[in-house]
1. For the chain, give the percent of accessible area contributed by carbon and sulfur heavy atoms, probe 1.4 Å, rounded to a whole number.
2. If you average 1/r over all unlike Cα pairs in segment 31-81 and invert the result, what Kirkwood radius do you get in angstrom?
3. When the distances between all Cα atoms of the chain are binned every 5 Å from zero, what whole-number percent does each bin get?
4. Over the chain, with the other protein chains present, what is the accessible area per residue in square angstrom, probe 1.4 angstrom?
5. Take a quick pass over the chain and tell me how many lysine pairs come in under 26 angstrom between Cα atoms, counting only ones 8 or more apart or on separate chains.
6. Please work out, to two decimal places, the log10 of the ratio I(q)/I(0) at q = 0.15, 0.21 Å⁻¹ from a Debye calculation in which every Cα of segment 1-69 carries one identical scatterer.
Amino acid sequence: QVQLVESGGGLVQPGGSLRLSCAASGTIFSIYTMGWYRQAPGKQRELVASITSSGLRNYADSVKGRFSITRDNVKKNVYLQMNSLKPEDTAVYYCNHPKGGYDYWGQGTQVTVSS
């Protein structure tokens, strides 16, 4: 059974940085695309970044140049380095693992950007 566990969220001031981690289990991690999504209060969940099995990255326009997604296939982890954080980045961040036509999600980790 696929399990995704996020960590690394918290409260940070504008301009600060955070690094989110997602640990995967129950899957052949290295062959699948992994992604990070976020959902702010009253808004739909949106894609933040994704990384394919070969390392190709895709970013939402709102985070390009500030966020970076990486993966460690040995540890079965995917990371989201978030720099120059803005209040509008405040949301619950979710790790996503699409597999076999189904989307697996972690429990989410709260990121709050506020002074």
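The values are calculated or read from the model by the stated rules, or taken from the named source; none is laboratory data. Everything quoted here is computed from the prediction, not taken from an experiment. Ligands, DNA and RNA are excluded from the accessible area calculation, which covers all protein heavy atoms including side chains. Shrake-Rupley method; radii C 1.70, N 1.55, O 1.52, S 1.80 Å.
1. C and S atoms contribute 48 percent here.
2. On the way: mean 1/r = 0.0867 Å⁻¹.
Averaging 1/r across every pair of different Cα atoms and inverting gives 11.5 Å.
3. 2, 13, 25, 26, 19, 10, 5, 1, 0
4. Details: 6070 Å² over 115 residues.
Heavy-atom accessible area per residue stands at 53 Å².
5. The number of close lysine pairs in the chain is 9.
6. Taken in order of the listed q values, log10 I(q)/I(0) reads -0.59, -1.11.
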